[in-house]
Amino acid sequence: MSTAAPGPRRPTIAGRLARQLLLISAFWAVLAGVSVWLVVQEEVDELLDETLQASSQVLGQLLRQGSAMPAEIADSDDLSTHFAWQLVSLRGDLLHRSPLAPVKAWKLPPGFSDWVDDGSDGDDWRVHVRAIPTPAGQCWLMVAQTSAERKEVRSRVGLASALSALLVGGLCMLWMTSRARAELAPLAELAGAVANYDPLDTRQLLPEQHRRELAEIRGAVLDLGQRLAQRVANERAFSAHAAHALRTPLAGMDAQLAMALREAPPEARGRLQRTREAADRLRRVVTALLTLFRTGMSLHWQRIDLIELVSLLPLPDGLALDLPEDQDGIDADPDLLAAALLNLIDNAFRHGASRISLALTAQPDGGRLIELRDNGDGVADWQRVDLNDALERQQYEGRMGLGLMMADLVARAHGGDLRLPPMAAGFCVAMRLGPAPD
């Protein structure tokens, strides 16, 4: 059975689904990373605020003990470069401070507040304010952390958490893609088997499927193939019977026309001759169709003498055929090759050819190239290009006649194809046949 010319490679279902899963997984991984980032930012802020509050409680307990301390602690006594504190009287006077604390008292309400530097200090602060009793009276204890440090902590923790989420998402994505490919592998195998399935070849069967949904697809394809094979068999049987039924009366018609041509007056012989030529062409077409449908494209490979095969063809009167002198034979189905050559020769004769030259060339793969060049009318270059495109795509209907279509089908059945090379004058058909199977 002939196969269509291979088109551009299309992505498989498994490939498309894997890419979709990849995009979906990447989207959700990024979304999870952003969500984790935002949540971690909030949680880290709360944790740092709680740390400030705990530090304020510890420091307030120490200050309530009433030990004397200078207004400013020495730099060597400060253990942190990111924390600071101030002890401010209720009137707003700075009583004590750590070295990093601004020299101006913070004036903020109780609780947590953000202090933006006014140019005198150089740092922005997150400050916790609480009232504590001291020997000097009620005071405000203010414990603070630099905003830059808090931002750095949030960024580090958030980035680590987001990267962890992305890593987990990426691993899940790879696992899902692998599982999807594994689950779709039987479907890809079934698709490949269906692509090579020939319902007209009774020896071919699709592989058994263990999954219920794939078994249903397999059953539907086999059922469709059986119906198609039955329909093709019926059409072939009808065509063969019709061609056989037509061949006998056509032969009788030719004999009657030959007798009428001898007995007719000179002025009627031209019309009778044209009628006989048309009947003879119809007989050759019927013979080719009968040969084609009798074989059903099932090849019977034989070693053929091409010159002997062509000499047995019923050629039109007045057509000269130049055959190659030396040829070592060709492997092909003689009936199908004869039907193809008969139609190509008839095509050339009908388009004004009086001489056809046949050439046979060996191919690197072991096949053969048969070229038929004639001195007929030929076709325009754009028509030749259009015919080659139709032959490549096997889009015969409305674009070519029976001869080229039949020759292309025969060539494809032999593992080759049909092409129309350019010619300066006349017409050329190149029929490539593949090598015989081992």
Any chance you could look up the accessible area of residue 134 with a 1.4 Å probe, heavy atoms only, rounded to 10 Å²?
20
Give a residue-ordered list of calculated ³J(HN,Hα) values for the stretch 410-418 (Karplus: 6.51 cos²θ - 1.76 cosθ + 1.60, θ = phi - 60°; whole Hz; x for Gly, Pro).
5, 4, 5, 4, 8, x, x, 7, 10
Using a 1.4 Å probe and counting only protein heavy atoms, arrange 118, 45, 123 so the residue with the most accessible area comes first.
118, 123, 45
Once phi for every residue in the stretch 165-179 is put through the Karplus expression 6.51 cos²θ - 1.76 cosθ + 1.60 (θ = phi - 60°), the whole-Hz ³J(HN,Hα) values, with Gly and Pro written as x, are 5, 5, 5, 4, x, x, 5, 5, 4, 4, 5, 5, 5, 4, 5
Under the Karplus relation with 6.51, -1.76 and 1.60 and θ = phi - 60°, whole-Hz ³J(HN,Hα) for the stretch 25-32, x at Gly and Pro, equal 5, 4, 4, 5, 5, 5, 4, 5
Taking only protein heavy atoms and a 1.4 Å probe, the highest-to-lowest accessible-area order of 432, 126 is 432, 126
How large is the charge dipole for the stretch 342-404, taken about the Cα centre, if only the Cβ atoms of Lys, Arg (+1) and Asp, Glu (-1) carry charge, to the nearest 20 debye?
180
Compactness summary of the stretch 180-262: radius of gyration and Dmax from Cα atoms, Å, are 23.4, 80
How much solvent-accessible surface does residue 172 expose, in Å² to the nearest 10, with a 1.4 Å probe and all protein chains in place?
70
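With r defined as the distance between the Cβ atoms of residue 301 and residue 203 and R0 fixed at 22 Å, what FRET efficiency is calculated, to the nearest 0.05?
On the way: r = 17 Å, r/R0 = 0.76.
E between residue 301 and residue 203, to the nearest 0.05, is 0.85.
The values are calculated or read from the model by the stated rules, or taken from the named source; none is laboratory data. Not measured: the values here are computed from a predicted model. For neighbour counting, all protein chains shown are included, and Cβ atoms are generated from backbone atoms with ideal geometry for every residue, glycine included. Just the protein is used for accessible areas: all its heavy atoms, side chains included, with ligands, DNA and RNA removed. Shrake-Rupley method; radii C 1.70, N 1.55, O 1.52, S 1.80 Å.
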